[in-house]
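Undergrad: Sharing a structure below in structure tokens format, with a few things to ask.
Values in this text are rule-based calculations from the coordinates and carry no lab data. Owing to the predicted nature of the structure, the values given are computational and were not obtained by experimental measurement.
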Amino acid sequence: MRKLNKKEEQRKASTENILTCALDLFVKNGYRATTIDMIAARAGLTKGAIYFYFKTKDAIMLMLLGEAEKYIVDPIEEYMANEGPHADAKLVKFINTQALLGVTNRMLI
């Protein structure tokens, strides 16, 4: 994996900052009530800077959902690949555990 140059590192840091701030606001206020202005203020950026990285609020949410997939969908797919054809009962237990995780730690969903 190649090393990021300074500009790429800054872009990555800004993107992560926006996503973290947006997630906090979505959890606190709900998706609909959270505005780009609110995200910009929390991130310490201008509204234009937010739009430079993400064209819409939906794009921010889609990126967050993609990140969540790493913690939810990928483990299920890996589990199914390793457990073979008789994994149904174990899969139900796994899904129940994931659902409980979502209820107890809303920041992950």
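Undergrad: Which links in 47/93; 47/70; 12/90; 57/93 stretch past 32 Å when you go from one Cα to the other?
TA: Numbers: 47/93 44 Å; 47/70 29 Å; 12/90 38 Å; 57/93 34 Å.
Cα-Cα > 32 Å for 47/93; 12/90; 57/93; rest within.
Undergrad: Additional query: Of the labelled options (i) 52, 39, 19; (ii) 83, 29, 25; (iii) 59, 29, 17, which one gives Cα extents along the principal axes in Å as computed for this structure?
TA: Matching the structure shown: (i).
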